[in-house]
Amino acid sequence: MSHDGHHSVVIPAPGPEFVPHTVAHHFDTPVQEFQSLKLGFWLFLATEILLFGGLFAAYFYYHDLYPETFREGGRLLSWKLGALNTSVLLASSWTMAMGVRSAQTSQKKKTLIFCGLTVLGAAAFMVVKFFEYKSKHDHGLVIFTELFSGYDEAAKQLPWFKDYDGAMANVPHGHMFFAIYLTMTAIHGIHVLIGAGLILWIMKGTAKGRFHAGYYLPVDLVGLYWHLVDLIWIFLFPLLYLVP
Amino acid sequence: MAAHTHNDGHAHGHADHHGHGELQMGHHHVSSTAMFTNVLMVLLVLTIVTVAVSRFDFGGANMLIAMGIASVKASFVILFFMHLKWDTAINKITFLCSFVFLSLLFIFTLADQATRRLDHDIHVVKTKVDKQWVHPSTLSGK
């Protein structure tokens, strides 16, 4: 009996390797709990779309103003590494979907394996991203150590954009492409790291037997988050690496 | 609800799942492995198509083509990987509404730009006059 006199609803564990789930006392039924939290999460994902949407609007605005700048900037990114990372994220979306499916069908070991593979995908993505960023840093296109330095009034230049090779010398406002490239990929990269952390948390709960056919909501929601990360990258790849 | 897999991964309502007892979460769709794999294959092929079409110059249509392919890929992710196809109406409306509002942001931003004719030649002039915006019609020769 809970404090308000109602019985707590408990979803039984499907086997000895799982633990039962107690529905939060402010929900009457498991269905109500599931649908409420899922609606809340979709609403959060909608705000994520709007967060990135603002950045995409900035991209389209400046792409329209300086199309040659964006095309020239896009040529300085490696489309092969971009395509590689696209494939890695797509594959990790598949492993995540399989992980959710394994939790839905109470297959503990498979859930752990598929979630583990997804974390490996996230790690691979960030390693590739690191080498891309390092290359931009070395060519003075995005000097990470100067990102927070103010505008250099004496030299009349941005401290983080020095373009050592003069690769952007023939197009106006070369820094605009790299400012947008960095902002969009860095915020996306933070989402990749948060997603990987959430999946590790899911693996911990899975190992304890918390998720099974009767209760897999957290696995489902983290899965949705991971697919959103993939969704954003699907648009970032052609816009940044293959600048149309 | 025991492991209840739908091999077709497609057409079925929720009706056949009710009555499994109320001690479940109420979300009942479990997709088949084959469906997920097929979706992954489609996404990888469309990635190759994205790279391939970027090699051709279709002028202004390149952007539309690239965004069109990306939108198809995104639809596959949303409908199948994110299961929105089988989700409740309220969840579909909630998520898809974000794209409606996003299109408002794009439409007004790009409409503003299109009517200002702020190409970078004018932008240079704009900078010269101490960052005051100049109406294009007041500029000689443009």
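The values are calculated or read from the model by the stated rules, or taken from the named source; none is laboratory data. Please read these numbers as outputs of a predicted model, since none were measured by experiment. Neighbour counts run over all protein chains shown; Cβ positions are idealised from the backbone, glycine included. Side chains are part of the model used for accessible areas, which takes the heavy atoms of the whole protein and leaves out ligands, DNA and RNA. Shrake-Rupley method; radii C 1.70, N 1.55, O 1.52, S 1.80 Å.
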Residue among A:I199, A:I180 that is of a type in the set (A, V, I, L, M) and under 26 Å from B:V72 (Cα atoms): A:I180
Helices (runs of 4 or more DSSP H) (entirely within the stretch B:48-142) containing at least 2 residues that are modelled with pLDDT of 90 or more and surrounded by 13 or more Cβ atoms within 10 Å (Cβ to Cβ): B:61-76, B:89-116
Per-region count, the stretch A:180-212, residues open to solvent by 10 Å² or more (accessible area, probe 1.4 Å) and either over 27 Å from A:V128 (Cα atoms) or outside any helix (DSSP H, G or I) (or both): 3
Of all residues in the stretch B:79-98 being facing chain A (nearest Cβ under 7 Å) and hydrophobic (A, V, I, L, M, F, W, C), the one that is farthest from the chain's Cα centre (by Cα): B:I90
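Is there a residue in the stretch A:130-150 that is open to solvent by 20 Å² or more (accessible area, probe 1.4 Å), among the small types (G, A, S) and outside any helix (DSSP H, G or I)? Before the answer, list the steps.
Step one: of the stretch A:130-150, the residues open to solvent by 20 Å² or more (accessible area, probe 1.4 Å) are A:130-131, A:133-135, A:137-139, A:144-150.
When the remaining residues are screened for being among the small types (G, A, S), the result is A:135, A:149-150.
Of the ones still in play, those that are also outside any helix (DSSP H, G or I) are A:149-150.
Yes: the stretch A:130-150 contains one or more residues that are open to solvent by 20 Å² or more (accessible area, probe 1.4 Å), among the small types (G, A, S) and outside any helix (DSSP H, G or I).
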Pair list, Cβ under 7 Å, 6 or more apart: the stretch A:40-61 residue at the interface with another protein chain (Cβ under 9 Å from one of its Cβ atoms) and farther than 16 Å from B:T88 by Cβ, other residue open to solvent by less than 40 Å² (accessible area, probe 1.4 Å) and outside any helix (DSSP H, G or I): none
Single match in A:K134, A:K129 (criterion: of a type in the set (K, R) and within 27 Å of A:G223 (Cα to Cα)): A:K129
